[in-house]
Each structure stands twice: as C-alpha cells, then as structure tokens.
Amino acid sequence: MRWWDIEPVLVLERELFPEDAWSRGMFWSELAHSRGPLATRRFIVAVNDDERIVGYAGLAAAGGLGDVQTIAVARDHWGSGLGAVLLTDLLHAATAFECTEVLLECRVDNTRAQKLYERFGFEPIGFRRGYYQPGNVDALVMRHADPASVPVQGSDTTHG
C-alpha cells in the first residue's frame, strides 16, 4: 500500500466497517512504519483488472510477535480466495519479520473471517470484551503459532 491508495482504501473501509472504520490518520500512521530498513509493518492492496482496489491487509511486527491489524475484501470478491491470498502474504511477511507467532482480533459475529483464519491454522485463545466500538462488539482473539508453516500461494493481484 502506498499513500495514494489511502483514499480508495478508505471508501472500502467505510463500506465494510461502517461502525468502526479506520481513519485516514490511522492508515497514514501505519504506512509511516512500512518502508525502509527499520520497517515494522506490511500493508498491501489487491487490485482487479480495472486497477480498482478490491482488498487490503496490514500486519505489525515487534519482538517476534506479529499482529494482523486489518484485512478486508470487497463484497463483490467474497468467495474468490482473495482473503486467503492477502492472509498468506501477511503470514509470509511475519516470517520475514522473524515473528514466531501471529495474533489477530476478529469480531465474534464475523464467522466468515473466523473460518478463513481457522483454515490457516489460527486457534481461538480468548476474547476482548467490547473491543469494537461504538457497537460494543466483542473480539475473538486468535493465534497462529507457526507462520513459517504457511505454504506460498501465487498471486499477481497484490502489491505493497
């Protein structure tokens, strides 16, 4: 993801997460840590044949721990496998950042995402009550103990 991707990502973000969408400043802040030799973030976008952003994802890494901060796929691409491509990229980035485990939070009512994460080897480890605001929705915390075990999936649709 580059700075010029933020505006189209925000459109998708607000469509998919109307109650708890990230702000422009949040994306700018994360991108500030995604370049250079001291980078601790990996943010990517996926584009379709018309160069429209149809997905994005982000990972933060620190002290051997990765955190999937966001992952989203446009509704018209649900079921296409794009979520798996984005998650694979993040897990490979976690390995490159030398993370030995990866955590994420997922809305308890987002069973579609939970199934994807479970397919990749994430396991539930707890809850964060009222994590998603202002809706006061709980988050399921999930953990992947071995991001290096995820096989490589080929895709030409994503770029950093």
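The values are calculated or read from the model by the stated rules, or taken from the named source; none is laboratory data. The shown structure was predicted, so the numbers you read here are calculated from the model rather than taken from an experiment. Because the Cβ atoms are built from the backbone with ideal geometry, glycine has one as well, and the counts that use them run over all protein chains shown. Side chains included, ligands, DNA and RNA excluded: accessible areas come from the protein's heavy atoms. Shrake-Rupley method; radii C 1.70, N 1.55, O 1.52, S 1.80 Å.
For the chain, the carbon plus sulfur part of the accessible surface works out to 52%, probe radius 1.4 Å.
For residue 31, the shell of other residues with beta-carbons less than 12 Å away shows a net charge of +3, using +1 for Lys and Arg and -1 for Asp and Glu. Averaged per residue, the chain has 53 square angstrom of accessible surface, using a 1.4 angstrom probe with ligands and nucleic acids left out. A DSSP coil position with no more than 16 other Cβ atoms inside 10 Å describes the following GluC sites (Glu not before Pro) in the stretch 62-147: 98.
If R0 is 45 Å, what FRET efficiency do you get for residue 146 and residue 21 from their C-beta distance, rounded to 0.05?
Given R0 = 45 Å and the Cβ-Cβ separation, E is 0.90.
Here, the stretch 40-160 has an Rg and a Dmax of 14.0, 40 Å when only alpha carbons are counted. When only the Cβ of Lys, Arg, Asp and Glu is charged (+1, +1, -1, -1), the dipole of the chain relative to its Cα centre reaches about 240 debye.
Packing around the peptides 21-27, 72-78, taken as the average count of other Cβ atoms within 10 Å per residue, puts them in this order, highest first: 72-78, 21-27. Taken as Cα centroids, the stretch 63-105 and the stretch 1-27 sit 17 Å apart, rounded to the nearest whole angstrom. Between residue 136 and residue 109, the contour length at 0.36 nm per residue exceeds the alpha carbon distance by 8.5 nm.
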